[in-house]
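S.K.: Structure incoming, see below.
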Amino acid sequence: MNNRLIILGTCWLLFVASAFSQSQPSTWNAPSAEQVNAVYPEVEALYFDLHRTPELSLHEDQTSAKLAERMKALGFEVTTAVGGTGVVAVLRNGPGRTILLRTDMDALPVEEKTGLKYASHVTAKNDSDALVPVMHACGHDIHMASWLGTAKLMAANRQSWHGTLIFVAQPAEEIIRGASAMLRDGLFTRFPKPDFALAIHDESMLPAGQVGYTSGYALSASDVVNITIFGRGGHGARPQDTVDPIVIGARTVLALQTIVSREIDPHDPAVITVGVFKGGTQFNIIPDDVTLVLSVRSFRPEVRQHLLTSIERITKGEALAGGAPQEPVVKVTPGAHATYNDPQLTDRVVAALRHTLGTSNVVEIPPKMVSEDFSEFSLAGVPSAMFFVGAVDPAKFAAAQQSGVVLPGPHSPLWAPDREPTLKTAIMTETSALLEELGR
């Protein structure tokens, strides 16, 4: 009698377990190599197409149309023309978290010199009506193609996750205008506001197959400072009759370098670069004025403000010391805010990536002094994290590390990511990150 009860009880437990397992999402933590290989041909075809047909910031009309068409075919609810040419694609899959995955779309006014069979030969008029060459020199074609591959895998495996996906194709990242334009156009009000936001960027300082992460501040804030220093022009042979703004400007350039070295804590990264110094028309003429244009980089807001305040103080002080007839004009054009990777979100995704890619292929990297407008999503109240996907042929990377040769990177006319492993690693990274947040 007891044995019979045990057998009946065991059968009942097996039945309940079977029914329960059929009603629950399967444990799909990451795409398999077979799944990635299955979507790869379409991903690569899109990559070739996008690389051949790049479009400048705020002119991504054909690019956004291509992405919107493909997302509609996957069953996403697609809205176009958000913040200009932006695309928002939403896939609802029951209750759960809402996660945003961003790709950027715009290319750069760079002439491609890679020699690739699918190289860009596009020229286009910029906003100043000048004809310029156009190239995906920053890898946004990698970002878009892998974004589509990730969308395909997530749409095909809805039984394994629950929640809402928001795939955002953002314009004008290169000029730091696209994210804010989409937010002003209701990205977080017309559409579900995400619990978290994720993005990737291709990386020239890592070999293909590896992914880099930075917890906390990852990319710098960026400001442009235009300075006009006034003098009193005259003959180069009679400097005593003039106030030479070139000399004042030269002293200003040197004095500005003391801000970082003597006013900022060495533990706080900061950069002041004078990228433009314009003045004069001829060797024997002292001009009336000169122009300086600065790039200013920082992470913490208080450091950012200190740099800008000190630049104005030193510029005005040098003009006063040089006897300038009027005070300099200092104009600050704010650029990107610092990109801050939410530490808790970063930790969770890193754990998932180590499980998917292997611990040795997920490496911590130091913060960078370059800038991005992905920071806008974090500032709008959405914890965010960006990850960096290695894009250099591993053999070339190892040889360069040995020899000390600097390989081409983003914004170079020679930038050519190691296509297949970079795209596949990007898809694995994005899908694993999404499943970490939606597969619970």
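S.K.: Cβ-Cβ distance below 6 Å, separation of 6 or more or different chains: which pairs start in the range 290-314 with a residue that is without any contact (Cβ under 8 Å) to a residue 24 or more places away in the chain and end on one that is among the hydrophobic types (A, V, I, L, M, F, W, C)?
M.R.: The qualifying pairs are 312/330.
S.K.: Of the conditions (1) assigned to a loop (DSSP other than H, G, I, E, B); (2) in contact with a Phe, Trp or Tyr (Cβ under 9 Å, 6 or more places away or on another chain), residue 71 fails just one. Which one is it?
M.R.: Of everything listed in (1) assigned to a loop (DSSP other than H, G, I, E, B); (2) in contact with a Phe, Trp or Tyr (Cβ under 9 Å, 6 or more places away or on another chain), residue 71 misses just condition (1).
S.K.: Here's another thing I want to ask about it. Go through the range 187-224 and count every residue that is within 30 Å of residue 79 (Cβ to Cβ), surrounded by fewer than 24 Cβ atoms within 10 Å (Cβ to Cβ) and among the charged types (D, E, K, R).
M.R.: 3
S.K.: Sticking with this structure for a sec: Among (1) part of a loop (DSSP other than H, G, I, E, B); (2) farther than 29 Å from residue 139 by Cα, there is one condition residue 228 misses while meeting the rest; what is its number?
M.R.: Only one criterion in (1) part of a loop (DSSP other than H, G, I, E, B); (2) farther than 29 Å from residue 139 by Cα is unmet by residue 228, namely (1).
S.K.: Which residue pairs have Cβ atoms under 7 Å apart, sit 6 or more places apart or on different chains, and have a first residue in the range 409-429 that is touching a residue at least 12 places away in the same chain (Cβ under 8 Å) and buried (at least 23 other Cβ atoms within 10 Å of the Cβ) and a second that is part of a loop (DSSP other than H, G, I, E, B) and among the aliphatic types (A, V, I, L, M)?
M.R.: 415/137; 422/208; 425/208; 428/30
S.K.: Here is a follow-up. For residues that are within 16 Å of residue 115 (Cα to Cα), more than 18 Å from the chain's Cα centre (by Cα) and in a loop (DSSP other than H, G, I, E, B), tally how many sit in the range 128-152.
M.R.: Residues that pass the stated criteria total 1.
S.K.: Further, regarding this structure: Test each condition in (1) of a type outside the set (Val, Ile, Thr); (2) assigned to a helix (DSSP H, G or I); (3) without any contact (Cβ under 8 Å) to a residue 24 or more places away in the chain for residue 256 and report the one that comes out false.
M.R.: Exception for residue 256: condition (3).
S.K.: Is it the case that some residue within the range 261-278 is more than 29 Å from residue 338 (Cβ to Cβ), loosely packed, with under 14 Cβ neighbours inside 10 Å and at pLDDT 95 or above?
M.R.: So far as the range 261-278 goes, yes, one or more of its residues are more than 29 Å from residue 338 (Cβ to Cβ), loosely packed, with under 14 Cβ neighbours inside 10 Å and at pLDDT 95 or above.
S.K.: Given the criteria touching a residue at least 24 places away in the same chain (Cβ under 8 Å) and within 17 Å of the chain's Cα centre (by Cα), does residue 378 qualify?
M.R.: Here the answer is yes, as residue 378 does meet what is asked.
S.K.: Look at residue 314 and say whether it is touching a strand residue (DSSP E or B) at 6+ places or on another chain (Cβ under 7 Å) and of a type in the set (A, V, I, L, M, F, W, C).
M.R.: no
S.K.: Further question: So, residue 272, is that one more than 19 Å from residue 289 (Cα to Cα) and not in a strand (DSSP E or B) or not? Full working, then the answer.
M.R.: Numbers: more than 19 Å from residue 289 (Cα to Cα): yes; not in a strand (DSSP E or B): no.
When the stated conditions are applied, residue 272 does not pass them.
S.K.: Return a yes/no flag: does the range 392-402 have any residue that is surrounded by 17 or more Cβ atoms within 10 Å (Cβ to Cβ) and either under 20 Å from the mean Cα position of the chain (by Cα) or not aromatic (Phe, Trp, Tyr) (or both).
M.R.: Yes, because at least one residue in the range 392-402 is surrounded by 17 or more Cβ atoms within 10 Å (Cβ to Cβ) and either under 20 Å from the mean Cα position of the chain (by Cα) or not aromatic (Phe, Trp, Tyr) (or both).
S.K.: If we only count helices (runs of 4 or more DSSP H) wholly inside the range 297-409, which ones have 3 or more residues that are among the acidic types (Asp, Glu)?
M.R.: Once the helices (runs of 4 or more DSSP H) in the range 297-409 are filtered for at least 3 residues that are among the acidic types (Asp, Glu), what remains is 301-321.
S.K.: Related question: When the range 79-126 is examined, which residues are found to be part of a strand (DSSP E or B) and among the acidic types (Asp, Glu)?
M.R.: Our first condition is that a residue be part of a strand (DSSP E or B); within the range 79-126, this holds for 79-82, 86-93, 98-104, 108, 123-125.
Listed by number, the list holds a single entry, 104.
S.K.: What are the pairs with Cβ atoms under 7 angstrom where one residue, in the range 211-228, is closer than 20 Å to residue 430 by Cα and the other, located anywhere, is surrounded by fewer than 23 Cβ atoms within 10 Å (Cβ to Cβ) and among the small types (Gly, Ala, Ser)? Sequence gap at least six, or different chains.
M.R.: From residues that are closer than 20 Å to residue 430 by Cα, the pairs are 219/371.
S.K.: Looking only at residues in the range 325-353 that are touching a helix residue (DSSP H, G or I) at 6+ places or on another chain (Cβ under 8 Å) and farther than 28 Å from residue 304 by Cα, which one is surrounded by the fewest Cβ atoms within 10 Å (Cβ to Cβ)?
M.R.: Filtering first and then ranking leaves 351.
S.K.: Oh, and also: Check residue 281 against each of (1) surrounded by 13 or more Cβ atoms within 10 Å (Cβ to Cβ); (2) more than 21 Å from residue 327 (Cα to Cα); (3) over 31 Å from the mean Cα position of the chain (by Cα); (4) not small (Gly, Ala, Ser) and name the one condition it does not meet.
M.R.: (1)
S.K.: Only residues that are touching a His at 6+ places or on another chain (Cβ under 6 Å) and on the phi > 0 side of the Ramachandran plot: list them for the range 107-129, please.
M.R.: The answer is none; no residue qualifies.
The values are calculated or read from the model by the stated rules, or taken from the named source; none is laboratory data. The model shown is predicted, which means the values in this text are computed figures rather than measured ones. Note that we place each Cβ from the backbone using ideal geometry, even for glycine, and neighbour counts take in every protein chain shown.
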